Structures are given as structure tokens and as C-alpha cells.
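Let me begin by presenting the structure, written as C-alpha cells, before commenting on it.
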Amino acid sequence: MFDITKIKSEFEEVIKSQLKDTQATLNIIQFGEDFASTKYINLKLKKADSLGIKTNYQKLPMDTNLEEATKIVNEINTQNQPLIVQLPLPDHLYPILEIIKPSIDIDLLNPKNNSNLLPPTIRAIDLTLKSILLEESINGYIVKSDLDLSDQTVAVVGQGKLVGLPLTKYLNERRANIITIDEFTKNPEKLTKSADIVISAVGKPKLINESWLNNNSIVIDAGT
């Protein structure tokens, strides 16, 4: 089964090795006060510090105008340093995602980013599913083989920009039979009960309980 401690340790060794002779700075920009976002950022800052990664965290008002936000992102583009624009954003600032240079867009938030990499959360789900569904064990910090999910029905609960939508795209590319569920779906528990795999991409605790699942369901929570 998936050994998270082993995987984390291997990732850390790879990162430290790659950063040995570099001066990369991780830039994180947050607009406004969102409890979950602040919690995620603090975890990222703590992990970066433990790996010896320099950080530049900018926390800006929710009412920052688009012109000023664009200027800040373009400055980081010029520096060619990795950038995370923490979601969610106020509606008027979402256009800044489209100007993040693909080479520094480590969360793959720019909709025009054609990188072959998977977004971080989707990659974590990918590794978890491989550890469960493939007979082979996870060898090293990455598994290069592609999953074939053509015999799996997967229910994705939540269709947000950060997890739900890219997860649905990932599953579609792997030929899964997909059930998409959002806040407007009627009787979602009946749909999830027919699924082999249920993945929660919502931030609502205790939404999914045993009445949503069959006896053989694989359940992954990506919306904590």
C-alpha cells in the first residue's frame, strides 16, 4: 500500500539535491483573508523552510485592483522565480492567472499552461490510486506508468477550479466512467453509491458518509 512517509522522504531528498546550487525563491501571493488559504500557506512556508527553500510571501488586500495585481505578477515573471497565486481570488482578479509565465507556474493555474505535468493535488491522487489499483509497488518517488481506468466508475464530488475540474480532466484522459457532482446535483448519494471510486473535492466536512458508499468503495478526500 501507499507509504506516505517513504514518499515524502524521497521527495525531500530529490528537492534538496536539485536545489543544492540554486538560489530559487518561492513566491506566494494571497489576496484577502481566507481561513483555509492562510492555513495552506502556513503549511507551505513551514515545509519550504525545512527544505531550505527561500520564500517571499505577499499578503494583499482583497480590494487590490487588477492593474496593481498584474504589475506584481509581471515583476515575478521577470525574475523567473516560482510563483503560487493562492486561490480563491476575488472575481475581478482571476485574469492575473492568465499572465503567470508557464515556466514558473508551479500550481498550473494559468489555463493556457500546456505543461505535461499534473497539478500537485491531482498528482497526489494519481499516486494514491496507483498504489491501490496497480499490482506493482511504488518504486522510487514517481511512477511513470499511466493508469487505465476504463473499468472504473469514479464519482467526483465538487467541480472547483483547483481540484474538481482538473481531476475530471485527468480521469477523462484515463478513460474512466465519470460521475460529476456539484452543489446543484439532485440526490448525489444515489450516484456515488454506484461508483467504484469516490473523490471528494469539496471543503465541507462530514458531507459524505456511509449512506453515500457501497461496501467496496475506494474513497479519497481531496477537499479537507
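The values are calculated or read from the model by the stated rules, or taken from the named source; none is laboratory data. On a predicted model such as this, the values are computed, not experimentally measured, just so you know. We place every Cβ from the backbone using ideal geometry, glycine too, and count neighbours over all the protein chains shown. Keep in mind that these areas ignore ligands, DNA and RNA; they rest on the heavy atoms of the full protein, side chains included. Shrake-Rupley method; radii C 1.70, N 1.55, O 1.52, S 1.80 Å.
For the range 9-36, filtered to residues that are among the acidic types (Asp, Glu) and surrounded by 13 or more Cβ atoms within 10 Å (Cβ to Cβ), the residue that is modelled with the highest pLDDT is 34.
Within the range 84-102, is even one residue within 27 Å of residue 165 (Cβ to Cβ), touching a residue at least 60 places away in the same chain (Cβ under 8 Å) and either open to solvent by 30 Å² or more (accessible area, probe 1.4 Å) or of a type in the set (Lys, Arg) (or both)? No, because not a single residue in the range 84-102 is within 27 Å of residue 165 (Cβ to Cβ), touching a residue at least 60 places away in the same chain (Cβ under 8 Å) and either open to solvent by 30 Å² or more (accessible area, probe 1.4 Å) or of a type in the set (Lys, Arg) (or both). Going through (1) in contact (Cβ under 8 Å) with a residue 24 or more places away in the chain; (2) closer than 27 Å to residue 202 by Cβ; (3) of a type in the set (A, V, I, L, M); (4) crowded, with 17+ Cβ neighbours inside 10 Å one by one, residue 53 falls short only on (2). Whether a residue is surrounded by 13 or more Cβ atoms within 10 Å (Cβ to Cβ) and touching a helix residue (DSSP H, G or I) at 6+ places or on another chain (Cβ under 8 Å) was assessed, and residue 45 does not pass this test.
Within the range 103-118, restricting attention to residues that are open to solvent by 70 Å² or more (accessible area, probe 1.4 Å) and of a type in the set (S, T, N, Q), the residue that is modelled with the highest pLDDT is 103. For residues that are farther than 24 Å from residue 10 by Cα and of a type in the set (D, E, K, R), tally how many sit in the range 42-90. Of the residues in that region, 6 qualify. Please work out if residue 60 is touching a residue at least 24 places away in the same chain (Cβ under 8 Å), among the hydrophobic types (A, V, I, L, M, F, W, C), open to solvent by less than 80 Å² (accessible area, probe 1.4 Å) and in contact with a Pro (Cβ under 7 Å, 6 or more places away or on another chain). So residue 60 fails the test.
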